[in-house]
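First comes the structure, then the notes that go with it.
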Amino acid sequence: MVLEDLGSSLRGTLKKIANAVYVDSKLIKEVVRDIQRALLQADVNVKLVLTLSKQIEKRALEEKPPAGMSNREHVIHIVYDELVKILGDARELPIKKQVIMMVGLYGQGKTTTCGKLAIYFKKKGLCPVVIAGDVHRPAAYEQLKQIADQVKIPFYGDKNEKNAVKIVKKGMETFKRNSDVIIVDTSGRHKLEDDLIDEMKDIFKTIKPDEKLLVMDAAVGQQAGPQAKAFHDAVGITGIVLTKLDGTAKGGGALSAAAEVGAPIVFIGTGEHSTDFEKFDPAGFISRLLGMGDIKSLLERAEESLKGKDAEKTAKKIMSGKFTLHDMYDQMDMLAGMGPLGKVAEMLPGGFLGKGKIKEKDMVETENKLQKFKVIMDSMTDEEMNDPNIVRASRIKRIAHGAGVENKNVKELLKYYNVMKRTMKGLSGNRKMKKNLMNQLKFMN
Ligand code: GDP
């Protein structure tokens with residue numbers, strides 16, 4: 001796994017903090033040096049390492065921990081927070097009609113990613129199509145066609161045409177009226193050369209893309225920075241797809257490049273197969289890297305004091321009777337990271353999650369069920385999430401297919417939603433229960 005070494009060094013450093021008798025400036029300086037060394041070894045750009053470590057040191061020395069948080073927890077939290085910050089805010093591609101231009105050097109995984117993206121949008125209920133605009137790599141046409149045929153996605157390409165602009169122009173005309181998401185593959189080269197840049201700009205003018213995604217191999221190392229910048233200068237990158245995160249590369253170069261360009265990483269590729277593709281979430285990524293499972297209990301207390309306000313907002317929204325699947329999803333997210341599920345489960349409608357007091361075995365089952373529900377909801381469109389009543393037989397089939405579950409699981413989710421909604425409505429008349437739920441939600445967050 002990419003960044004495994006970095007992860008284990010950083011985890012070691014955090015454990016050092018957690019076990020320290022005193023958190024003083026000596027420890028902080030030592031920790032900062034450890035972090036610098038770990039990041040440099042992972043190929044993270046020197047300038048970025050210096051800025052980041054300075055910031056960690058400054059905050060750790062100057063900031064006072066919030067009430068209820070120990071010095072150790074506070075320093076760990078700062079390290080985590082600053083690492084998340086360099087990856088930028090999380091960004092999801094909108095689920096809507098759009099044109100997406102894929103750019104990147106040769107062999108980075110661009111063509112593979114076109115297929116992965118198309119499947120992603122298909123699962124969301126849109127109609128994606130792909131256009132083969134890579135005219136320089138002879139196999140690119142066949143490769144993209146094969147992927148498109150496999151997953152039944154319309155494809156346009158012309159093996160005999162060497163002018164990429166002509167191909168994409170024709171492709172756009174072909175798909176203008178009968179598609180939602182047009183994904184355009186473009187040429188990669190071994191090196192960034194002027195003619196590649198010119199071709200890219202011409203394609204850009206022809207297709208007027210909404211999104212310009214840079215595909216970058218996590219193994220690319222220090223040259224990632226100048227590369228990303230050149231692509232950014234030419235077309236204005238709106239998102240980065242980091243591929244081959246399943247490999248053994250150091251990965252820090254690619255991450256630095258993303259930070260330098262300031263474009264968010266939107267997806268990661270974790271294998272050659274078309275389903276090895278995940279939305280990217282900076283906080284989740286860093287948590288995994290730092291093994292936050294271990295250190296989570298320390299950080300939870302920190303988060304609690306910061307997030308109290310959000311919980312109240314969620315509770316108020318639920319109480320207002322406007323309860324959508326989005327709300328349910330958020331709620332499940334809150335449930336997922338929580339220890340005492342039994343307490344919360346008592347408040348959920350009976351039948352699905354078991355009645356009354358919940359046993360350990362049932363709790364595991366419950367968590368599996370919630371997880372499955374989330375996978376199903378990931379395959380639903382925004383419209384369906386906002387108004388689940390429109391989900392009838394044919395949509396159920398599509399959603400089940402997308403999520404890799406059976407129709408009956410989707411029906412079960414819908415039934416659960418309806419029970420939940422009714423319960424929420426019932427609650428809004430009952431002041432005592434309302435207060436109780438508010439407290440639970442606050443506690444949950
Ligand atoms: P392009 O030249 O940028 O279009 O690159 P390709 O899509 O042809 O990918 C180059 C090679 O990388 C192929 O063998 C792909 O199967 C492989 N590849 C692409 N993405 C990933 C990934 O996320 N993980 C792994 N392990 N291999 C990948």
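All of the numbers you see were taken from the coordinates with simple rules; none came from a lab. Computed from a predicted structure; not experimentally measured. In this analysis, Cβ positions are derived from the backbone assuming ideal geometry, glycine residues included, and neighbour counts consider all displayed protein chains.
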Once the principal axes of the Cα atoms of segment 4-85 are found, what is the range along each, listed largest first in whole angstroms?
36, 22, 22
At 0.692 mPa s and 37 °C, plugging the Kirkwood radius over alpha-carbon pairs of segment 98-292 into Stokes-Einstein gives what diffusion coefficient in µm²/s?
197
Return the loop-located GluC sites (Glu not before Pro) in segment 135-207 (DSSP other than H, G, I, E, B) with at most 14 other Cβ atoms within 10 Å of their own Cβ; answer none if there are none.
Glu161, Glu193
Rounded to the nearest Å, what's the spacing between the alpha carbon centres of segment 361-417 and segment 106-179? Just the number, please.
30
Compare the peptides 126-132, 8-14 by average per-residue count of other Cβ atoms within 10 angstrom and give them in order, highest first.
126-132, 8-14
Among the listed pairs Lys176/Lys250; Lys208/Lys244; Lys16/Lys110; Lys15/Lys191; Lys15/Lys212, those beyond 32 Å (Cα-Cα):
Lys176/Lys250; Lys16/Lys110; Lys15/Lys191; Lys15/Lys212
Length-normalised contact order of segment 1-146, Cα under 8 Å, at least 6 apart, in percent, tallies to 16
Using the Cα gyration tensor of segment 1-154, with a ≥ b ≥ c the square roots of its eigenvalues, what is the shape: rounded (a/c below 1.5), prolate (a/b larger than b/c) or oblate (neither)?
prolate
Please compare each pair in Lys97/Lys415; Lys145/Lys229; Lys122/Lys145; Lys123/Lys162; Lys29/Lys64; Lys122/Lys411 to a cut-off of 25 Å on the Cα-Cα distance and tell me which ones are over it.
Lys97/Lys415; Lys145/Lys229; Lys123/Lys162
Can you tell me what share of the DSSP beta bridges in segment 98-292 is antiparallel? A percent to the nearest 5 is fine.
10
At R0 = 56 Å, FRET efficiency that the Cβ-Cβ distance of Lys170 and Gln41 yields, to 0.05:
0.70
